[in-house]
Structure formats: C-alpha cells, structure tokens
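First comes the structure, then the notes that go with it.
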Amino acid sequence: MQKLTIGLSGLNNIDSPGPGIPVIRGIRDSKILDARIVGLAYENLEPGAYMHKLVDKTYKVPYPSDGVEPLLERLRYIHEKEHIDVLIPNFDSELFTYMKSEKTLEEMGIKTFLPTLNQFEERHKSNLPEYGKKYGVKVPYSEPIASFRDFVQHRDKFEFPVVVKGKFYDAYIAFDMDQLAMFFNKITAKWGLPVVIQEFVKGTEVNVIALGDGKGNTIGAVPMRKTYITDKGKAWGGITLEDPSMIELTDKIISQTQWRGGMELELIRTTNNEFSLIEINPRLPAWVYLAVAAGQNLPEALVRLAMGEDVQPFKGYDIGKIFIRYSYDLITDLHEFEQLATKGEL
Amino acid sequence: MLKIRKNIAISDSGFVFDPLSGESFSLNPIGMEILHLVKNGQSFEYVSKHILNKYEVDAETFERYFYDFISTLKLFNLTEPD
C-alpha cells in the first residue's frame, strides 16, 4: 500500500454537507492507499475535526476571502509538520485561491488535481449560456445581474417562474417580482454579486458525478437522482441510474473541455427526455460516497491522478445503489474544542 | 403492440424498478402476472383469456381495468415510446 499524507477541506458534515468526509471515506476504503488524513477546517465546530477515526489531525485555516498569502503561510506551517503529499480542496469558494497557488504548492511538494483557471471560469453560472454555445450543450437562458434594476432591463427575456442563483451556492424559484427582489437581497447578503437569473426548466433534476484526467478522458462517471431533498435543496437520499445518454453527455463535456479533476453536472431531464445543463460544480460533490459504493472510488482515483499515476477509466457501476443520509450526535469533550479553538490544531 | 421497456426490472415480490428514472413501484400479484405477460409480448386477447380463465372477473370489467393499468404504465414511462 502506498503511504501518503492527504490534506483536505470540507469537514462540515452538517445538513448541507461539504464533500470532505465522504471523500475521506473513499480514501479510507482504498486498498491501494494507506493515507494519513489532515483536515483543514474553517470553523471550530466542523464535525469532521472531531471524527478521529476518519481524520487523523485537523488544522484551522484562514478563509479564502482573507487572501492567498495568509492561506499559503498557514499551509507552509502545516506542511512543515505533516509533509502533505496531496491536497484536495472541496469547496467551490476556495478553488480559485488554490488554483492560483497551484505552482507554489507544487514547489512546496504538495500535489493537487484541480481544473485549470480557464476551465473553472468558463463553467461559472454567469457564463453558462456561452459555455452551452461553445460546447453544443443545451443550457437554460440566464443573465447575471448586479442589481434589481438590471433584471428590469432583461424582464422581457424571462417568464416567471425564474431561478435566482448565488455565485457559489443557493438557488430559489421566484414566481413574481416581489419574490425575485427578496431572493436577490438574501443571496447578495450571503454570497455577494453577481446573482444569476436563470430560466426555469420543468422536469426532473438528475446529477452526474465525474472525474476527468485533464487529457479529455472520463475516468469515472455515475448518474444519480435525488430521492429525498432537504428544504435547502440538498440530497438526503439518492439512487444510481442507468442512463447511457447522461454518460454520453458527461463524456462529451469532459473530452471537449479536457476537464481536470472532479465535477458534478446538474441536469434537468425534461418530459421529452432531453437534458438541460443547469450547473457544473468544479469538484466532487457531497454524495461522492454513493459512487464509491457503486464501484467507482473516485477519491482514490483523484489522489492517484494527483500523484501522476496512470489511472485507467472505471468500467461500469452498480445500478440502483441507494444512499440515505442520516444525522448523528457526535460526543466530544470541552478540551478537544478548546484545542481547536485556541491552538488551531486538534 | 405495447412493449415494456427492456431494462425495467420486476422482482418476484412485485417490486418494479426503472433504472432510467430511479423510480420504483409495487404491484399486487395479479398486476405482476399481467405485467409479466405483457413484457413477454402477449396480446390483450391472450392476457384477457388467461385472466378470465383463472379469476372470477367478466370480460368487460377486465378490459376496463387492463387499459387503465396500461395507461398507468405509459404515464410512468415504463413502456417503449409508441
């Protein structure tokens, strides 16, 4: 077994979970990797920091919004102690910072496997219509807006309901102007500008988790439908699907864009069995462990790709594999919380 | 002739799984029997004769229920497109 130290974020295993813990579960399941897991936490109460069977050591890190230098400084300190081989950032909001720092991290001896800046930028929600045109993928009409007045200018191009989306997270369906204004304010307060107004496409939401090798090959792809959705729109249950057309679409996107790293395609399947691409998330999603259980250990493959290994594409996956998320009261002691809160390490 | 989609899985307990949509359904024993017959390519005439011989039901009632059942299968996209 290959001994590695892997650093990763996304330890917030809450009702709207980050992908960190399921990614770790995939790595722990690996029969090839023997990993020491170093968690990177932003908050003292990220549950993953206290899950000692999954996470060997946790360090607090500064928020990406604090800038590249404070983060790199902290990573230098962590690397000095831990000798991190591979780093897997699991939040959309931190990817830009890590992509910008890819070379510096490489010089430090830390490997990553991230999309390129161009790949990351062009699939942004606000750029999706151009993306659809460029790669021949059907996407709903959308406009990025910086103020409510902006929408008034584009009013003729939309019919209610419309979807109001945040830059990184959050999406609401607005049925009239009042609701649109309310959601616009709610999203800008949390995620800033722009807010994207997207045409509402009627149908069933289906998703694909995938991993691209950066050379145009799909290393793995598993389609899923959410069977239980929380009030935050997050999957609380899901089932793997047999849908060759979803895999074809994923292959098409990965081969054309030469996608590097994990991704999640969010699609609407209309009643005519056509797909509309509503979003591309540039990382493995929180339901990644379903893919692992279905036979595609994408976290393991991602680590191996980061290490420069030649990884062969997965062949198939189990259809009808189900995940059901659950909540669990993790018990810890005050001194553990104190360690993380005061020393920034646990 | 009506065709049930090839990849629809029907278990012995009457549990039907559509791997394309991820939806699942439960059938009672007679529903399962009829679905198996239809999936095996049997015509309405054959299915009707089989059911009328086996169960206490008149032809008119069975026909009504049969087409109602078929339209439900179509509604849930369990049949091949016309």
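Values quoted throughout were computed directly from the atomic coordinates according to the rules given, and no laboratory measurement underlies them. Values in this document were obtained by computation on a predicted structure and should not be read as measured data. All Cβ positions, even for glycine, are placed from backbone atoms using ideal geometry, and neighbour counts span all protein chains on display.
Which of rounded, prolate or oblate describes the stretch A:1-112 when judged by the alpha-carbon gyration tensor and an a/c cut-off of 1.5? Because a/c hits 1.5 or more and a/b fails to exceed b/c, the stretch A:1-112 counts as oblate. In the stretch A:141-199, Cα pairs under 8 Å separated by at least six residues give a relative contact order of 48 percent. With the Cα gyration tensor of the protein assembly as shown giving a ≥ b ≥ c as the square roots of its eigenvalues, does the rule (a/c under 1.5 for rounded; else a/b larger than b/c for prolate; else oblate) give rounded, prolate or oblate? Note, shape of the protein assembly as shown comes out prolate.
Rounded to the nearest 20 debye, the dipole size of chain A about its Cα centre is 360 debye, using +1 on the Cβ of Lys and Arg and -1 on the Cβ of Asp and Glu. Each other residue within a Cβ distance under 14 Å of A:Arg269 adds +1 if Lys or Arg and -1 if Asp or Glu, for a net charge of -4.
The chymotrypsin sites (Phe, Trp or Tyr not before Pro) of the stretch B:33-78 that DSSP puts in a loop, and whose beta carbon has at most 11 other beta carbons within 10 Å, are B:Tyr55.
For the stretch A:208-342, just say rounded, prolate or oblate: build the C-alpha gyration tensor, square-root its eigenvalues into a ≥ b ≥ c, call rounded for a/c under 1.5, and beyond that prolate if a/b exceeds b/c, oblate if not. Kindly include the intermediate steps, with their values, before the conclusion.
Working: a/c = 2.06, a/b = 1.35, b/c = 1.52.
It comes out oblate by the Cα gyration axes.
For a modelled paramagnetic label at A:Gln339, 7 Å from Cα along Cα-to-Cβ, the residues of the stretch A:39-69 in reach, with backbone nitrogen under 17 Å, are A:39-61. Footprinting exposure proxy ranking of A:Tyr172, A:Tyr228, A:Tyr317, fewest other C-beta atoms within 10 angstrom first, gives A:Tyr228, A:Tyr172, A:Tyr317.
Sparse packing (at most 13 other Cβ atoms within 10 Å of the Cβ) combined with a DSSP loop state is found for the following GluC sites (Glu not before Pro) in chain B: B:Glu56.
Give me A:Met224, A:Met307, A:Met246 sorted ascending by neighbouring Cβ count inside 10 Å, so fewest comes first.
Details: A:Met224 26, A:Met307 15, A:Met246 23.
Starting with the residue having the fewest Cβ neighbours, the order is A:Met307, A:Met246, A:Met224.
Where the alpha-carbon atoms of the stretch A:123-219 are placed on the principal axes, they occupy 45, 26, 24 Å, in descending order.
Going from the residue with the fewest nearby Cβ atoms within 10 Å to the one with the most, B:Arg5, A:Arg149 rank A:Arg149, B:Arg5.
Go ahead and set up a Gaussian network model of chain A, Cα springs under 10 Å, then flag whichever of A:Tyr326, A:Tyr50, A:Tyr289 fluctuates most. Judging by the Gaussian network model, the answer is A:Tyr326. Look at the dipole of the stretch A:141-199 built from charges on Cβ: of A:Gln198, A:Ala171, A:Ile187, the Cα furthest out on the positive end belongs to A:Ile187.
If r is the Cβ-Cβ distance from A:Asn185 to A:Glu130 and R0 is 30 Å, what FRET efficiency results, to the nearest 0.05?
Taking R0 as 30 Å, the efficiency between A:Asn185 and A:Glu130 is 0.65.
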